[in-house]
Every structure is written in structure tokens, then in C-alpha cells.
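The values are calculated or read from the model by the stated rules, or taken from the named source; none is laboratory data. Because the structure is predicted, anything quoted here is derived from the model rather than measured. Virtual Cβ from ideal backbone geometry, glycine too; neighbours counted across all protein chains shown.
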Amino acid sequence: MAGPDLLVAGAAVTPDGLVPALVAITGGKVSGIHDLRELAAYPGVPVHRLADDEVLLPGLVDTHVHVNEPGRTHWEGFATATKAAAAGGVTTIVDMPLNSLPPTINAAALELKRAAANGQCWVDVAFWGGAVPDNEPDRAGLHRAGVRGFKCFLADSGVPEFPPLDRAGLHRAAAQIAELGSLLLVHAEDPAHLGEACGTGGPGSQGNTDYAAFLRSRPPAAETAAIEAVIEAARRTGVRAHILHTSSAAAIELLAAARVEGLAVTSETCPHYLALAAEEVSAGATEFKCCPPIRERANSDRLWTGLRAGVIDCVVSDHSPCPPELKLADTGDFAKAWGGIASLQLSLPVVWTYARERGCEPADLARWMAARPAELAGLAGKGRIAVGCDADLVAFAPDASFVVEPARLEHRHKLTPYAGRSLTGVVRQTWLRGREIFGSERAAAAGANGELL
């Protein structure tokens, strides 16, 4: 019997925790996890030895990425987004159904998106579909075509071609998606609780530059009211429901109660809600704008508590880029600037920088950013270093640090609220199904070999 194609030796985060291991890779799969002393049993097999300061993580799975191609490829595209993912240790992304044109709200639009992605992807890519008021007849076809679930908004999405569902539409969608055996993902903000961002930031300002005013316009009550509506829809229909980008810690009690009740309601948060704080956002710093908004440091601390307790299931980027001019840096107008943060390449070090301060371990990262997102999207062969899983791996140096230089980001646009920040945790190499896709000249020359899932 032929031996493995590659062995990776060192400290590895497996489902059993961080252990010294010899990870065998055959045909792009993890074919064995052995004791390091067994290395001599594989003469002639190439061996990658991790450095003493590195650990082997499973490739991250980011289930909340806005690639925007086709139609808004000048915002971001599959080539740039997936290359950034590889550089950040992310080996699988799930693309959101908006802001591309057309949005992924029917099977024909999904085919256009898959055609646009074909041959461009450095990592594996799966797709969410959309649930909007007029596409009830199209959802079954999307499900058959392979989308992993259906995203909806309860408030304005920011783009006219992806309108929100009202409460009746939410319940109809929940019932239909439950019948399909799929997943309902919800941008949970209740429009009844959203106000106008007001305040000018002082004499001479050209727009609504006051971040505190923007924050008041999207209060925690907007999230909790919407989450209550989703929980009620899950209670009535039995749908599996997932709350996207939880920003308000006030939601944690609701989510915990839904779990005790036995409802299939899960949730995520994002690196910017765990790392950034409203107190540090200066007037007109629209690179910090996202919806729901970044809230106060005390709120962030409570989100960490909910994440560590397992009430919040996973951490994903909500990578939502745009051309820099849409951030309106010239006026600093929070009311009109595009809301979204591009962070796909930086998610792992951002989360780790703050997680290690709280006594967390690399195994926590693997659970929050790989295993649980893979489970959410039904990607059974992803998110774990385990026999039979894809050999998606990351050599990660948890004690190394770096300063964020925007010019070194692979995103199409380099604007980031993390510019100039010192972060801890460096991705040194990334493998997709046993092939190196980041970290060396060989990886750069290998090109885009990701698959469409």
C-alpha cells in the first residue's frame, strides 16, 4: 500500500485538544494522526516540521463573507477575497447572497455566481441563498442547486435589490425553509427601533461625524426585538435559525433561553465586536462603521462571556468591503457611509489577540472559527484535524506579533480600522487539501485551486 503524500509534524489542535502529532495526508485527506515517534515508519515521505513556536490549526471556515462578484467586483471579487482568506488561515468561505448583481435569490443567479467564481478561488467556496419577499417560488430550486441555507434581513439591507422580510414574510420563510430541511440566517435588527443618525460633530463639519449619534440610532433594542421575532418563528415552525453578527450582549439571555427551551437557534459574533469599542471611534472615522454597530467596551466584555460559555456559537468575519470612496472619509458622515468592515485576512489574529488575554487556548479558536462554522453550513469534511476530513491546515505562531500594514492585505481595497494596530498570532503557512496555498513562493505559484462546494 502506498504511503502518505505528506506528513506534518508538531503540536496540532485535534478534537482531543493540543497534542504532539504526526498528521498524515493522503489524496488531500487526513489519513492518520500518529505519535511523533512513528516518523521512522515513513521513509521517503516528505515531512513538514512545524517550528517550535507554531501550532497546527484546522483551516478556518468563514461562513459570513460578502465577495460581491459578479456585478460589484470593483468592491471585491473571488480572486482577491479568497487570496486574502488563504493568507489569513481561512480555507473555506461561504459567500453571502448580496451585494452581488444579481443577488443569489434564484437558481439562475447562483449559476452566474458559480460561473464567475470558477477558476478564481484560492480556497473552497460554498454559497448561501437569499430569502426576499418575492422569491418564495425560487427557494426550493436554490436548495436543490446546493445553497447551504437562506439569509434574510428584517430591516433595510443597504441595497435595493435585496429587500427585507416583514414579520409575516419571516414566518412564511421559516415554515418553507423548515420543510426544505435547510437553515434560516437572519440579519436581526427591527426597523421599528432604528432611528436616524443625527448630530454634526461641531462647527465646520460636513456631515454626521458623531459616532455616538450613529450608535444611538441602532440601539440594542433593535437587535433584541428582532431576535425575539426569530425565536418565535423557530418555536412555531421548527426551523433551524441562525442569528448573524450578534453585536449586543443584551441578546445573550434570549439566546440562552432559546437553547434551554430546545429550539434550534444558534448565533455568531464577529472579530470587530470582540476587539473594537465605541469609546475608541473618533469623529468621522467611518472605517469603523458597520451594522449592527460596534458597541461599548463593557458590551464587548459580555460578548466574550457569552462566547466562552457557548451561548454564542462561532466567530466569523462578516467581511463586507467596498471601494474607499463609499466610506466618505472626506465628510466622515456615519449616516451615509457604507456600513461594513473588511477583515477576512485579519480575523484570526484579531480574535487571538484578545482571546489570549482572557486565558483562551488555540483549541478555542479551532472550535469557534473552524469546527462550529463548518457544522453550521453542513460542511462535514471541514473544520477539524481528524481522519477522513480534508487536509485543510494552518501553521500558526500564537506568540509572534506584527503591525497591520494595509498595503500587505490581499483584499481588493485596503481600508481597515485595524491599520497600525499591533496584533498577536501570525499565519505562516496554509494548506488546502494538503496543497500549500500560502506561505512560500511555491504556494504563490500554485495558483487558484479552490473548489466550489
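Note on region 1-20: among residues that are among the hydrophobic types (A, V, I, L, M, F, W, C) and in contact (Cβ under 8 Å) with a residue 60 or more places away in the chain, the one that is surrounded by the most Cβ atoms within 10 Å (Cβ to Cβ) is Val13.
Do we find a residue being surrounded by fewer than 24 Cβ atoms within 10 Å (Cβ to Cβ) and not in a loop (DSSP other than H, G, I, E, B) anywhere in region 89-101? No, region 89-101 contains no residue that is surrounded by fewer than 24 Cβ atoms within 10 Å (Cβ to Cβ) and not in a loop (DSSP other than H, G, I, E, B).
For region 301-327, the set of residues classified as surrounded by fewer than 21 Cβ atoms within 10 Å (Cβ to Cβ) and either at pLDDT below 95 or closer than 15 Å to Gly284 by Cα (or both) consists of Pro324, Glu325, Leu326, listed by residue number.
Contact annotation: no residue pair with Cβ atoms under 7 Å, 6 or more positions apart or on different chains, pairs a residue in region 80-93 that is not assigned by TED's automatic domain parsing to the domain that holds Val65 with a partner that is of a type in the set (D, E, K, R). Checking Thr353, Thr424, Thr416 one by one, the residue that is in a helix (DSSP H, G or I) and in contact (Cβ under 8 Å) with a residue 24 or more places away in the chain is Thr353 and no other. For region 426-440, check the following and say yes or no: at least one residue is acidic (Asp, Glu), closer than 15 Å to Glu54 by Cβ and either more than 22 Å from the chain's Cα centre (by Cα) or not assigned by TED's automatic domain parsing to the domain that holds Leu328 (or both). Checked against the condition, which is being acidic (Asp, Glu), closer than 15 Å to Glu54 by Cβ and either more than 22 Å from the chain's Cα centre (by Cα) or not assigned by TED's automatic domain parsing to the domain that holds Leu328 (or both), region 426-440 yields at least one hit. Do we have Ala380 as in a loop (DSSP other than H, G, I, E, B), surrounded by fewer than 17 Cβ atoms within 10 Å (Cβ to Cβ) and free of Cβ contacts under 8 Å to residues at least 24 places away in the same chain here? Yes; evaluated as a whole, the condition is true for this residue. Evaluate region 346-353: report whether one residue or more is under 15 Å from Leu244 (Cβ atoms) and of a type in the set (A, V, I, L, M, F, W, C). No, because not a single residue in region 346-353 is under 15 Å from Leu244 (Cβ atoms) and of a type in the set (A, V, I, L, M, F, W, C).
Matching residues to (1) under 20 Å from Gly378 (Cα atoms); (2) polar (S, T, N, Q); (3) under 19 Å from the mean Cα position of the chain (by Cα):
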| residue | (1), (2), (3) |
| --- | --- |
| Thr80 | no, yes, yes |
| Glu111 | no, no, no |
| Pro133 | no, no, no |
| Gly146 | yes, no, no |
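Of the set (1) in a strand (DSSP E or B); (2) crowded, with 24+ Cβ neighbours inside 10 Å, all apply to His48 but (2).
If only residues of region 415-453 that are among the polar types (S, T, N, Q) and touching a helix residue (DSSP H, G or I) at 6+ places or on another chain (Cβ under 7 Å) are counted, the one that is surrounded by the most Cβ atoms within 10 Å (Cβ to Cβ) is Thr430. Please state which one of Ala250, Ala264, Ala256, Ala283 is among the small types (Gly, Ala, Ser), assigned by TED's automatic domain parsing to the domain that holds Glu296 and either within 19 Å of Gly339 (Cβ to Cβ) or surrounded by 18 or more Cβ atoms within 10 Å (Cβ to Cβ) (or both). Only one candidate qualifies: Ala283. Applying a threshold of 9 Å to beta carbon distances and a minimum spacing of six or more residues, or different chains, the list of pairs starting in region 107-129 at a residue that is free of Cβ contacts under 8 Å to residues at least 24 places away in the same chain and ending at one that is assigned to a strand (DSSP E or B) and surrounded by 21 or more Cβ atoms within 10 Å (Cβ to Cβ) reads Ala109/Gly129; Ala109/Gly130.
Just so you know, in region 393-447 the residues that are in contact with a Pro (Cβ under 8 Å, 6 or more places away or on another chain) and polar (S, T, N, Q) include one that is nearest to Lys29 (Cα to Cα), and it is Thr424.
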